[in-house]
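Q: Sharing a structure here in structure tokens format.
The values are calculated or read from the model by the stated rules, or taken from the named source; none is laboratory data. Quick caveat, the model's predicted, so the values are computed rather than measured. Note: ideal-geometry Cβ built from the backbone for every residue, glycine included; neighbour counts use all protein chains shown. Note: accessible area is taken over every heavy atom of the protein model, side chains too, but ligands, DNA and RNA are not part of it. Shrake-Rupley method; radii C 1.70, N 1.55, O 1.52, S 1.80 Å.
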2 protein chains.
Amino acid sequence: MTSSRSLYHAAELRPLLQPRSVAIVDFSSKPGSFGARTAQNLADSGAEVWVVNPKRAAEGSPKVLATVEELPGPVDCAIIAVPRDAVQEVAQACARKGIRGAIVYASGYAETGQAEHRRLQEQLTALARQTGMHILGPNCIGILSDGGRLRLTFAEAPELQHARPVSIGLVSQSGGLGLALAQSARHGYAFSHVLTAGNSCDVDVADQVAYLAEDPHCKVIACLFEGMADPQRLLEAGRRAARAGKPVIVHKLATGEEGTQAAMSHTGSLAGSAAVYRAAFESAGFIEVDDFEALIETAAFFAKAGRPRSPGVAALSTSGGATIMVADKAELHQVALPQPPAEVTALLRSHIPEFGSARNPCDVTAQILGNPQSLPECARAMLASDVYGALVLPHPYAYAPGTQRLLALEAVGRDSGKPICCVWLSQWLDGPGAIEVEASPHLALFRSIDRCMATLRAWHLYGQRMARQAGPGSRLSDPAAAQVFAKEAGAGTTLTESASKRVLGAYGVPVVPERLVQSANAAVDAAEGFGYPVVLKVQSADIPHKTEAGGVRLDLRSGEAVRDAYRAILDSARAHSPDARIDGLLVQPMIRRDLELIVGGRRDPLFGPIVVVGLGGIFVELLKDSTVALAPVSPSQAREMLDRLRGRALLDGFRGMPAADIGEVSAAVARVSELLADHADTIDELDVNPLVISDGRTVAVDALIALRTAPVSVDDAESQRPQATHIT
Amino acid sequence: MTSSRSLYHAAELRPLLQPRSVAIVDFSSKPGSFGARTAQNLADSGAEVWVVNPKRAAEGSPKVLATVEELPGPVDCAIIAVPRDAVQEVAQACARKGIRGAIVYASGYAETGQAEHRRLQEQLTALARQTGMHILGPNCIGILSDGGRLRLTFAEAPELQHARPVSIGLVSQSGGLGLALAQSARHGYAFSHVLTAGNSCDVDVADQVAYLAEDPHCKVIACLFEGMADPQRLLEAGRRAARAGKPVIVHKLATGEEGTQAAMSHTGSLAGSAAVYRAAFESAGFIEVDDFEALIETAAFFAKAGRPRSPGVAALSTSGGATIMVADKAELHQVALPQPPAEVTALLRSHIPEFGSARNPCDVTAQILGNPQSLPECARAMLASDVYGALVLPHPYAYAPGTQRLLALEAVGRDSGKPICCVWLSQWLDGPGAIEVEASPHLALFRSIDRCMATLRAWHLYGQRMARQAGPGSRLSDPAAAQVFAKEAGAGTTLTESASKRVLGAYGVPVVPERLVQSANAAVDAAEGFGYPVVLKVQSADIPHKTEAGGVRLDLRSGEAVRDAYRAILDSARAHSPDARIDGLLVQPMIRRDLELIVGGRRDPLFGPIVVVGLGGIFVELLKDSTVALAPVSPSQAREMLDRLRGRALLDGFRGMPAADIGEVSAAVARVSELLADHADTIDELDVNPLVISDGRTVAVDALIALRTAPVSVDDAESQRPQATHIT
């Protein structure tokens, strides 16, 4: 990780993001100039607005000045709407004046990819850091703030609904896409802010999320972003939001795997960048959505929904076909649609004709036309039950009577404190009623059954995660284990199998026992100590790929076989690597391999230590079936990682194989993750391959730890080698 | 398969679905009655409308009569809007009058699940079959026809755009969901028909699809359906549509696996009902969509798109962020975004500023504001290239200038003959411009990037399928192979391994050689003939599970080992099944098993013979990694089945294993499918398990064919058994 500045405090950013006084600096006298458009946008904002424009100063308006210096005092925020090549000078003048924030519209900086333009941007960064004037941009479209009253932008931005209890704070790295999303205000969503970041020479998406975490009008944060040099700051901002009880919904662009470094070795390469981002978002408690179109819909649901009180979902419709579709998608997204208890069924029956369905999903049928009260009555009956934490109501028609039926449910939502999700099946997408339903704090509106169910699933997982975070705290680090690592790490850039396993053993990972021997007799002694069959392996830091060097013999069942193997291994190894320094041969008991896992990790350039787990063989190599998390993980988090493997059922035993002890496997993964986290600056890559399930027990059979740099000189490393190196 | 009636001819259904004269039969005098609403809907239809209503006949209107009998002649279609218990009598009167079609609104028939109501429906079916009066319903909401001019429904249905060249014909089993989808007419889609089917006592969804296949105004068919007793008729209707060059887009409800029969054995159980439906849709050339919301959007695209001329897609946007999202989703859906050739790049460069991107996806940037012609010029340059078959254009803002920019692309679409897909990123879903874009025959509108890319992928696959169907025809059946089957099938309800493999061999599937022996000496002779190692297996029709009975010994490497195994197998088998009739022991050469597949099939109750293929071991058992198709399949279709397996790469060799000959594997699967198809009425289930890849060659090692019924008596079967049954 690069060293990174910490997040700005909300109070520091308030002059920039919620200014009470603004100076618009513009050199153009055209009516459609960026400065003129900004002044129009701010006309009714309530902020004090000055214009600095040398071409218009002669007009005589008391609020139009020729230079920044003429401002009577430091305004909160300067909007710098001048051409790129004049920006630096204007920004310097603003900083000298004591202005606390500045928004820079001009393009032609780092986004061109050219060195000279990048340098121009770095000058702005330097100015911000030296003067404490926070800069948003360059290449920034501006922001909407204060529930839409403050429109600090040149763009023709949609009117926002003013702040209401369910307001969404939107943060978008892309200005264009941010304003595209803000158009959803047209159909009822309330936004507290629409913050865009542009090139982020100073203030960035992470600062903006952190700012919204402390803003009293923002109830939920929606974040659209592409990537950043130091995304750890975004995670930290997310943690602040979590502490403030605000869900963060994120859609990350640029998820394609094409750009992933192809050079990463084995376990490390299992985790592409998209997977690592996903793991990072999860560690920060973000709710990630896979579609741009889902971002605001999901945020609005979370703003209204509160915490889930039961994972059961009730479904109710006037259309039998719609209830079938709800059931299909619920099954797909693993959302439970439990049957109602008897007393609820009885109530449903009293409202529904015999050709309806007094079950869940409940088909109240078109008789609703003559009996409109039956819909809210059935909804009330279902949501009164502890079995249900939410209600889904597919709604086929966009017309006035249907709207009245939906709004009649508002009171049921309010009284039950459980969200009611209306799914707008009408293809008249903004048709009558949509705005009223979306504006209700008790009704969430979805325009896709699939997305509704995906969101409910995410909501349940979010609830579980929040409940867990209230549980016991993090691990205790073990100084003794760390010392074992420090000692072994002295020996070079790659730890031998033995050394790697000593470290793992110190961290509490069960490892296969072994003895290092330097003669055939000693090998036989060791074998007889362990009991046959045994395995012999060459031990040399210079031969990391033992099998290829003919350095491994399995399933040796007698002293004679051990002697033969001893000689054969030495011959092969010497033939393969004549210059290799051979420490001796390892003797290990041959253990039954019912199932193999691979556990490992590496130092991710963006997120630091990550841990990866997968099933061995075809699973990781062919099916790419692995899960990633930021290290360290707790044993219960490790268990969730295992649960996400497609081949998970193998751990429960398959074709007569004894089941693994999941607690033991989870613990081993957690221990490996702690090792990775404790030595994040030292370990480059770690592989436990395989971690074997043998008769139900978990044991690391082979391991390799590669270090980032040799922390000690070669001479020192030599002295750490085993003393007896006379190999017979 | 139940015997099923064939599809009605379009001409037979025209009086029902496109009547020129209508009689509305209603017993209610209320203004809001179903009959009265229907009459309102038909007011400006151009059809001659009679009302039969005894309560209103006294009003004196010449078009209002008291009884059906009073009608001056047979109208084309009667709309029976009377209560259920009066329906049968009215329907009989209509039939007597010579009326050719009838729509029945009343509910309370088979959908209640009650026997008496089912019987009422059967009476209507019988009437239709006896009189030739085609009946739609009961429990039917009605239809919209003739581009929306004919509104044969009581429902408050949306106005349709009148038929245009790109009209969609919609068929929906559910009336409510059909009308929900028809609301998309509000934003520009043109429908030729909205046909609903209700309980389908006579005319059903399949008849309606077949009708639309021949309707000159319908260009593409969208079909929403839940399920039917005889879906083969729907496939036949689909084939008619394909012959007419009309794509059929289908969304099937009730895809959940819960209802799938759990009792099916092994290979059969690999194919759940949803998978079989999918296979069936594919065989009929349907384009299946997974979301209700995608149905009309996809249909509209196919109506406009024609056939793909290149799989390459060009993307163009004013927003850099949007181009990233397009690239993400293209990668997800395997849609190629190839780079432009040099001459196109040069053209792009001439229109795009340096901070834009003259690549694909192409970012023309917001400079478009000052240079609006650059967008159509870039689009034209890209679509002029053979590299591209379609253009995707994400559109962030719903406002008037943006609309003009999109409509400026219409000419580019028209001139190039390639579809331009506008993706409506604005969250103002029906905002300005949407209707104009959707109404254009050269611009397709999507409201989701994901769906746009999924549709383009489906379009490319559809194009490939259409191109293939123009290729060489179907297989020749082999009478000699069928005779071998007939002979072996005489022996009982389950064929022995030997008999099953003889049949497979006759069909051209490579099988492992074997000899049936009745003494240990003969076993040794056979083994020496094949060469060691060999396998010994018990052969008995009474012991289908040989391994469980101790009836298999592998890897026998000497005469001694063969003798020992011979005795041991006989002892085990006799201990396990004392009454089993043992034919002898099979001797087979032991072949190397690099990879195992399972190929099999069964007689699906809805679709007849299906073939299933999967990789052995964890793949089918744990990961459910199998593919299904209706039998027979051609070798190239079999190859596509293999290509869809998640573990497909194993066939190319893995960890040093030699690659399989894909042509040989595909041929084996095709041959098995022919066997299943040739004897669809006889074979209940067939398993080739395993089909082994051995040193690159494909060979069936074990097989079992279970027959539906014993076609001959037990005595006959006995006489077919091998003569020598003296086992030493």
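Q: Note the direction-averaged projected area, equal to a quarter of the hull surface, for the Cα convex hull of the stretch A:511-567, in nm².
A: Computing the convex hull of the Cα atoms and averaging its projections yields 3.9 nm².
Q: Output, in nm with one decimal and in ascending order, the distances from the A:ARG655 label point to the matching label points of the other copies (7 Å from Cα along Cα-to-Cβ).
A: Going from nearest to farthest copy, the values are 1.2 nm.
Q: Under 5 Å between amide hydrogens, which residues at least 5 positions from A:LEU595 or on another chain qualify, with H placed 1.01 Å from N in the peptide plane?
A: A:ILE693
Q: Enumerate the lysines that A:LYS329 could reach by cross-link, defined here as Cα to Cα under 21 Å, with residues fewer than 8 away along the same chain left out.
A: By straight Cα distance, A:LYS329 reaches A:LYS418, B:LYS252, B:LYS624.
Q: How much mean residue ellipticity at 222 nm does chain B get from its helices, if each DSSP H run of length 4 or more adds -39500 (n - 2.57) and you divide by all residues, to the nearest 500 deg cm²/dmol?
A: Using -39500 (n - 2.57) per qualifying helix, the result is -11000 deg cm²/dmol.
Q: Amide H of B:ASP684: which non-local residues (sequence gap of 5 or more, or other chain) have their own amide H closer than 5 Å, using H built in the peptide plane?
A: Residues meeting the criterion, in which the H sits 1.01 Å from N, are B:ALA706, B:LEU707, B:ARG708.
Q: I want the local charge near A:LEU179. Using Cβ-Cβ distances under 15 Å, sum +1 for each Lys or Arg and -1 for each Asp or Glu among the other residues.
A: In short, +1.
Q: What does the extension gain come out to for A:SER29 and A:PHE654, with contour length at 0.36 nm per residue minus their alpha carbon separation?
A: Between A:SER29 and A:PHE654, full extension yields an extra 217.2 nm.
Q: Using a 1.4 Å probe on the protein heavy atoms only, what accessible surface does B:PHE286 show? Give it in Å² to the nearest 10.
A: So the heavy atoms of B:PHE286 present about 10 Å² to solvent.
Q: Sticking with this structure for a sec: May I ask you to evaluate 6.51 cos²θ - 1.76 cosθ + 1.60, the Karplus curve with θ = phi - 60°, for each residue of the stretch A:432-442 and list the ³J(HN,Hα) values in order in whole Hz, giving x for glycine and proline?
A: Those phi angles translate into x, x, 4, 5, 4, 5, 5, 6, 6, x, 10 Hz.
Q: I need to check one value: relative contact order of the stretch B:515-569, counting alpha carbon pairs closer than 8 Å and at least 6 residues apart, in percent.
A: 42 percent
Q: On a 0 to 90° scale, report how tilted helix B:497-506 is relative to the longest principal axis of chain B, with both axes built from alpha carbons and the result rounded to the nearest 10.
A: Between the helix axis and the principal axis of chain B, the angle is about 60 degrees.
Q: To continue, here is another question. For the stretch B:292-378, which GluC sites (Glu not before Pro) are both in a DSSP coil and crowded by at most 13 other Cβ atoms within 10 Å?
A: In loop regions of the stretch B:292-378 (DSSP not H, G, I, E or B), the sparsely surrounded GluC sites (Glu not before Pro) are B:GLU354.
Q: When all protein chains stay in place, what accessible area (Å², nearest 10, 1.4 Å probe) is found for B:LEU606?
A: The value for B:LEU606 is about 50 Å².
Q: Return the loop-located trypsin sites (Lys or Arg not before Pro) in the stretch B:639-681 (DSSP other than H, G, I, E, B) with at most 15 other Cβ atoms within 10 Å of their own Cβ; answer none if there are none.
A: Here the trypsin sites (Lys or Arg not before Pro) that fit, given the DSSP loop and packing criteria, are B:ARG644, B:ARG655.
Q: Okay, next question. Pairs of alpha-carbon atoms within less than 8 angstrom and 6+ residues apart define the contacts here; what relative contact order does chain B have, in percent?
A: Worked out over chain B, it gives 9 percent.
Q: Can you list, bin by bin at 20 Å, the percent of alpha carbon pairs in the protein assembly as shown, starting at 0?
A: The percentages, shortest bin first, are 8, 29, 35, 22, 6, 1, 0.
Q: For the protein assembly as shown, what proportion of DSSP beta bridges, expressed in % and rounded to the nearest 5, is antiparallel?
A: Just about 50 percent of them are antiparallel.
Q: Further, regarding this structure: With no solvent and one point on each alpha carbon, what is the Debye value of log10 I(q)/I(0) for the stretch A:362-423 at q = 0.23, 0.27 Å⁻¹?
A: Values returned for q = 0.23, 0.27 Å⁻¹ are -0.98, -1.32.
Q: Quick one: 3J(HN,Hα) in Hz for the stretch B:329-345, Karplus 6.51/-1.76/1.60 with θ = phi - 60°, rounded, Gly and Pro as x.
A: 6, 4, 4, 4, 9, 6, 9, 7, 10, x, 6, x, x, 4, 5, 6, 4
Q: Considering the Cα positions of the stretch A:302-357, please state its Rg to one decimal place and its Dmax as a whole number of Å.
A: Both quantities, over Cα of the stretch A:302-357: 13.2, 38 Å.
Q: So which lysines can A:LYS537 reach, going by Cα to Cα under 18 Å and dropping same-chain residues fewer than 8 places off?
A: Reachable lysines: A:LYS501, A:LYS546.
Q: Hey, another quick one. Just the number, please: carbon plus sulfur as a percent of the accessible area of chain A, 1.4 Å probe, no ligands or DNA/RNA counted.
A: On chain A, the fraction of accessible area on carbon and sulfur atoms equals 51 percent.
Q: May I ask for the equivalent-ellipsoid semi-axes of the stretch A:647-701, computed as the square root of five times each C-alpha gyration tensor eigenvalue and listed largest first in whole Å?
A: 26, 10, 9
Q: If I take the Cα coordinates of the stretch B:1-132 and project them onto the principal axes, what are the three extents in Å, biggest first?
A: For the stretch B:1-132, the Cα spread along each principal axis is 53, 33, 24 Å.
Q: Compute the relative contact order of the stretch B:81-160 as a whole-number percentage, counting only Cα pairs closer than 8 Å that sit 6 or more residues apart in sequence.
A: Worked out over the stretch B:81-160, it gives 28 percent.
Q: Another question, if that's okay. Give me the accessible area buried between chains A and B, both sides summed, with a 1.4 Å probe, in Å² rounded to the nearest 100.
A: 5400 Å²
Q: What list of ³J(HN,Hα) values in whole Hz, one per residue of the stretch B:588-605 in order, does the Karplus curve 6.51 cos²θ - 1.76 cosθ + 1.60 (θ = phi - 60°) give from phi, with Gly and Pro shown as x?
A: Ordered by residue, 3J(HN,Hα) equals 9, x, 7, 9, 5, 10, 6, 7, 10, 10, 10, 10, x, x, 7, 9, 6, x Hz.
Q: Using modelled backbone amide H atoms (1.01 Å from N, in-plane), which distant-in-sequence or interchain residues come within less than 5 Å of A:ILE103's amide H?
A: A:ALA78, A:ILE79, A:ILE80, A:LEU136
Q: Would you kindly find the accessible area of A:ASP26, with a 1.4 Å probe and non-protein molecules such as ligands, DNA and RNA excluded, rounding to the nearest 10 Å²?
A: That residue has around 10 Å² of solvent-accessible surface.
Q: Hey, another quick one. Considering only DSSP beta bridges whose two residues both sit in chain A, what percent are antiparallel, to the nearest 5?
A: 50 percent
Q: Using Cα positions and a limit of under 16 Å, work out the lysines in reach of B:LYS219, with same-chain residues fewer than 8 apart set aside.
A: Once the sequence-local lysines are set aside, what remains near B:LYS219 is B:LYS246, B:LYS304.
Q: Still on this structure, please answer the following. Find the accessible area per residue for the stretch B:541-589; the probe is 1.4 Å, ligands and nucleic acids are left out, and the unit is Å².
A: 51 Å²
Q: To the nearest 10 degrees, how steep is helix B:662-678 against the longest Cα principal axis of chain B, on a 0 to 90 scale?
A: 80 degrees
Q: On a 1.4 Å probe surface of the protein chains, which of A:LYS537, B:LYS97 comes out largest in accessible area, and what is the full order?
A: Solvent-accessible surface, decreasing: B:LYS97, A:LYS537.
Q: Let's test this: bin the Cα-Cα distances of the stretch A:108-222 at 5 Å from zero up to the farthest pair and state each bin's percent.
A: Using 5 Å bins, I get a P(r) of 2, 13, 22, 22, 17, 11, 8, 4, 1, 0 for the stretch A:108-222.
Q: Oh, and also: Restricting to DSSP loop positions (anything but H, G, I, E, B) with no more than 12 other Cβ atoms inside 10 Å of their own Cβ, which trypsin sites (Lys or Arg not before Pro) remain in the stretch B:1-47?
A: Passing sites in the stretch B:1-47 are B:ARG5.
Q: Once the Cα gyration tensor of chain B is found, what semi-axes does its equivalent ellipsoid get, as square roots of 5 times the eigenvalues, in whole Å, sorted largest first?
A: Ellipsoid semi-axes (Å, largest first): 56, 40, 17.
Q: Cβ under 12 Å from B:ARG349's Cβ, B:ARG349 left aside: what net charge do those residues give with Lys, Arg +1 and Asp, Glu -1?
A: -2
Q: While we're looking at this one, here's another question. Quick one: with label points 7 Å out along Cα→Cβ, list the inter-copy distances for A:THR682 in nm, shortest first?
A: Result, one decimal in nm: 7.4.
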